[in-house]
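Report on one structure; see the data block that follows.
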Amino acid sequence: SYLLIRQNDAVGTLLFDSDIRGYIPPRAHPSQFRRVLEMLEGLQPGGETNIGAILAQAAERTKRRGLIILISDMIDNEAEIAEGLQRFRHSQHEVLVFHVMDDAELTFPYDRLTRFKDMEGAGRVVTNPKNLRKRYLARIRDFLDRVRGDCLERKVDYNLVNTTEPYDKFLSAYLDKRSRIG
């Protein structure tokens, strides 16, 4: 937001889980960055998400062509997410996805009897992770491949982000990549 506002581009923000929880309409005013930060500071995690439906609503709201940045773990109905992304692309928006995943989700580093808790409240299970590791990592690779493929098929710029990496590092790597391409 800061970089876009500095180059006089309008920036807006939409926060959601299964419903829209916060919305700041796009503006290019310098105070917009402070408004975005204030909204993010007040953010409380929600329950389940409905990314596809929210993308459809956001696409309806977004009349002027622009850059749409989705920051999400993408864990939801993949077909609906792809359809939501397609709505933006159909309206000639440039779409950028930062697919945020925790390092433990990507590497499954557990080696002892572990209790896993569903972050969205669906339950808990105690298991030996050694029995699950190979199958889990294969499913995560398949999931990442499907999400990346859905994005590439729709000409959406896809970027996997590991939460152990500082945001300024992945952002500057992305900007560097983008400057070399464009």
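Just so you know, all these numbers are worked out from the coordinates, no wet-lab data involved. Everything numeric in this text was worked out from a predicted model, so none of it was measured. Virtual Cβ from ideal backbone geometry, glycine too; neighbours counted across all protein chains shown.
General remarks:
- Against the chain, whose longest principal axis comes from its Cα atoms, helix 78-90 is set at around 20 degrees.
- Cα-based Lys proximity count in the chain, under 29 Å, for pairs eight or more positions apart or on separate chains: 7
- HN-Hα J in Hz across region 123-137 - Karplus 6.51, -1.76, 1.60, θ = phi - 60°, x for Gly and Pro: x, 9, 8, 10, 7, 8, x, 4, 6, 9, 3, 4, 5, 4, 4
- Among Leu171, Tyr110, Ala82 - extreme Cα towards positive end, dipole of the chain, charges at beta-carbon: Leu171
- Gyration tensor (alpha-carbon) shape descriptor, region 53-131, a/c threshold 1.5: prolate
- Helix 51-61 vs. the chain, principal-axis angle (Cα, 0 to 90°, nearest 10): 0 degrees
- Region 107-147: C-alpha gyration tensor shape, a/c 1.5 cut-off, then a/b vs b/c: oblate
- The value of relative contact order for region 1-139, using C-alpha pairs under 8 Å at least six residues apart, is 16 percent.
- The angle separating the long axis of helix 167-181 from the principal Cα axis of greatest extent in the chain is about 60 degrees.
- Antiparallel bridges, percent of DSSP beta bridges restricted to the chain (to nearest 5): 45 percent
- GNM remark for the chain: springs join alpha carbons under 10 Å apart, and the peak mean-square fluctuation among Lys130, Lys63, Lys169 falls on Lys169.
- Estimated [θ] at 222 nm from DSSP helical runs (n ≥ 4, -39500 (n - 2.57)) normalised by residues in the chain, nearest 500: -14500 deg cm²/dmol
- Restricting the GluC sites (Glu not before Pro) of region 97-180 to loop positions (DSSP other than H, G, I, E, B) with no more than 11 neighbouring Cβ atoms within 10 Å leaves nothing.
- For the chain: rounded, prolate or oblate by the Cα gyration tensor [a/c cutoff 1.5]: prolate
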